[in-house]
1. Of everything in the range 21-60, what is among the basic types (Lys, Arg) and more than 25 Å from Leu82 (Cβ to Cβ)? Give them in sequence order.
2. Which residues, counting only those in the range 53-68, are loosely packed, with under 10 Cβ neighbours inside 10 Å and either outside any loop (DSSP other than H, G, I, E, B) or in contact with a Cys (Cβ under 7 Å, 6 or more places away or on another chain) (or both)?
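The values are calculated or read from the model by the stated rules, or taken from the named source; none is laboratory data. Since this is a predicted model, take the numbers as computed values, not measurements. So basically every Cβ, Gly included, is an ideal-geometry build from the backbone, and we count neighbours across all protein chains shown.
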Amino acid sequence: SFLCPSPGAPAAAVNSGLYKKQMTEPELQQLRLKINSRERKRMHDLNIAMDGLREVMPYAHGPSVRKLSKIATLLLARNYILMLTNSLEEMKRLVSEIYGGHHAGFHPAACPGGMGGHSAPLPG
């Protein structure tokens with residue numbers, strides 16, 4: 001038989017080894033099955049989340065394109081977020097430069113006609 005802490009045992013007692021319960025083989029096997037099941041579900045959920053992230057990342061999709069690894073997906077996502085952040089900051093800077101900082105909350109799409117009545121193309 002094996003020794004295992006009771007489910008409600010205080011952490012200090014469990015960690016010190018003072019509070020132990022003997023587990024029978026069937027109990028140990030049942031515990032192992034529960035642990036394995038939780039781990040399978042955790043990995044399944046992680047894989048679904050990674051697939052969802054891959055779907056929205058800008059890289060080639062298709063049957064002949066190899067699926068990105070988890071680490072490659074996370075690194076690509078990080079770099080993509082950084083790139084988008086830099087692009088947004090640059091766009092804010094350009095809008096501020098064009099409008100002299102007077103229209104900090106300016107959103108062209110929110111204006112009638114798309115550009116708030118400006119018909120001339122933006123410099124660029």
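1. First, the residues of the range 21-60 that are among the basic types (Lys, Arg): 21, 32, 34, 38, 40-42, 54.
Selection gives Lys21, Arg32, Lys34, Arg38, Arg40, Lys41, Arg42.
2. Restricting attention to the range 53-68, the residues satisfying the condition of being loosely packed, with under 10 Cβ neighbours inside 10 Å are 55-56, 58, 60, 62-66.
Matches in the range 53-68: Glu55, Val56.
One line per residue, one yes/no per condition, for (1) assigned to a helix (DSSP H, G or I); (2) of a type in the set (A, V, I, L, M); (3) modelled with pLDDT under 90; (4) on the phi > 0 side of the Ramachandran plot:
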position: Asn15; (1), (2), (3), (4): yes, no, yes, no
position: Tyr19; (1), (2), (3), (4): no, no, yes, no
position: Ile71; (1), (2), (3), (4): yes, yes, no, no
position: Arg93; (1), (2), (3), (4): yes, no, no, no
